[in-house]
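Heads up: the structure comes next, in structure tokens.
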Amino acid sequence: MSQLRLHLALLVALCVSMIGAVFLGSGGATTLDLFGGDHALGGLVLRELRLPRVLLGALIGAGLGMAGAALQGYFRNPLADPGVIGVSASAGMGAVLCLYFGLSASFALALPIAGVVGAAAGVAALFAIAGRGASASTLILAGVAVNATAGALTALLMNLAPNPWALAEIAYWLMGSLNDASWTEVGFAAPVVLAGLVVLAPLARSLDALGLGEETARSLGIELGRLRLAVVLGTALAVGGGVAVAGAIGFVGLVVPHVLRPSVQYRPGALLVPSALGGALLIVIADLATRLLSGPGIPLYLGVLTALIGAPFFLWLVRQTQRRAP
């Protein structure tokens with residue numbers, strides 16, 4: 001499949017899924033309700049609840065998908081993922097710190113900024129632990145250490161939560177959900193995530209060159225230090241902005257690039273845009289499933305569903321990697 005056809009197919013599928021997600025569900029809302037009067041109940045549900053929820057899900061999915069593709073291209077390892085190497089956990093830790101100390105109520109952008117700073121700190125720690133010129137396996141092991149450390153610090157904050165309500169708020173937030181999505185959250189996350197996409201998208205040529213080896217990439221004029229900085233910054237923005245408003249949603253950046261990789265002839269640079277579209281598609285469909293499957297008083301969280309999908313896929317991917325090893 002050509003690059004253009006792949007992009008068009010994913011874009012059409014995304015648009016269809018977003019339209020379906022807006023109108024499917026209880027209430028029987030129609031297109032007339034979407035453009036109806038301000039006081040029409042169906043119109044309010046569509047405009048103020050479902051539409052921002054769908055847009056936010058697509059935005060977060062695009063950030064996770066492209067960040068996963070960029071990390072896999074940079075590490076030259078299909079097991080790399082914003083969650084597996086600790087970026088998502090670090091972003092979550094930053095946001096939990098913000099919630100724990102009450103900074104989220106101090107000013108509007110406190111929570112997204114905390115998520116971005118946490119993600120950036122996690123990626124910086126990853127490179128600091130692994131060291132310069134580390135192999136892909138060393139980077140993955142360093143990521144496991146960062147993930148464990150961020151998870152332990154988050155658990156410590158939950159252990160020290162001043163009251164059960166604060167603990168419950170942190171715990172439910174960490175499960176990842178778009179239940180409270182509104183235009184406010186869209187306005188918070190959109191500039192941050194889109195900035196991450198803008199940083200990552202131009203790296204296609206550099207990632208293709210890096211796939212041929214570091215020496216080859218240098219001979220082609222690729223500055224590896226600048227590439228590493230761009231991957232760090234872009235991933236922190238794309239992942240941190242989404243985690244800050246929706247909590248931890250894992251495995252999207254692992255599953256989507258791996259599924260789409262054969263369609264781009266295994267070129268890491270060509271995988272960036274399709275992964276963004278595929279990640280948006282996956283989150284929109286998964287969130288629609290959580291909304292349709294949730295019962296009264298028994299919500300199904302988006303992060304739980306993506307983990308149930310992604311964890312078995314990750315185990316299968318590890319097995320496939322072992323079989324290919326000499």
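The values are calculated or read from the model by the stated rules, or taken from the named source; none is laboratory data. Everything numeric in this text was worked out from a predicted model, so none of it was measured. Cβ placement follows ideal geometry from the backbone for every residue including glycine, while neighbour counts extend to all protein chains displayed.
Here are a few things to note about the model shown:
- Residue within segment 239-246 that is at positive phi, hydrophobic (A, V, I, L, M, F, W, C) and in contact (Cβ under 8 Å) with a residue 40 or more places away in the chain present: no
- Note on segment 188-268: enclosed helices (runs of 4 or more DSSP H) holding 1 or more residues that are under 30 Å from Tyr172 (Cβ atoms) are 224-246, 252-260.
Rundown of residues vs (1) aliphatic (A, V, I, L, M); (2) under 19 Å from the mean Cα position of the chain (by Cα); (3) crowded, with 19+ Cβ neighbours inside 10 Å, yes/no style:
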residue	(1), (2), (3)
Val146	yes, yes, yes
Gly151	no, yes, no
Asn159	no, no, no
Val193	yes, yes, yes
Val198	yes, yes, no
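- Residue list for segment 92-131, restricted to those being outside any helix (DSSP H, G or I) and modelled with pLDDT under 80: Gly102, Ser106, Phe107, Ala108, Leu109, Gly131
- Residue that is touching a Pro at 6+ places or on another chain (Cβ under 7 Å) and closer than 30 Å to Ser2 by Cα, where the choices are Gly269, Gly221, Gly253, Gly279: Gly253
- Taking residues in segment 175-199 that are in contact (Cβ under 8 Å) with a residue 60 or more places away in the chain, and partners anywhere that are among the aromatic types (Phe, Trp, Tyr) and assigned to a loop (DSSP other than H, G, I, E, B), the pairs with Cβ atoms closer than 7 Å and at least 6 places apart or on different chains are Met175/Tyr301; Gly176/Tyr301; Ser177/Tyr301.
- Per-region count, segment 1-21, residues touching a helix residue (DSSP H, G or I) at 6+ places or on another chain (Cβ under 9 Å) and not hydrophobic (A, V, I, L, M, F, W, C): 4
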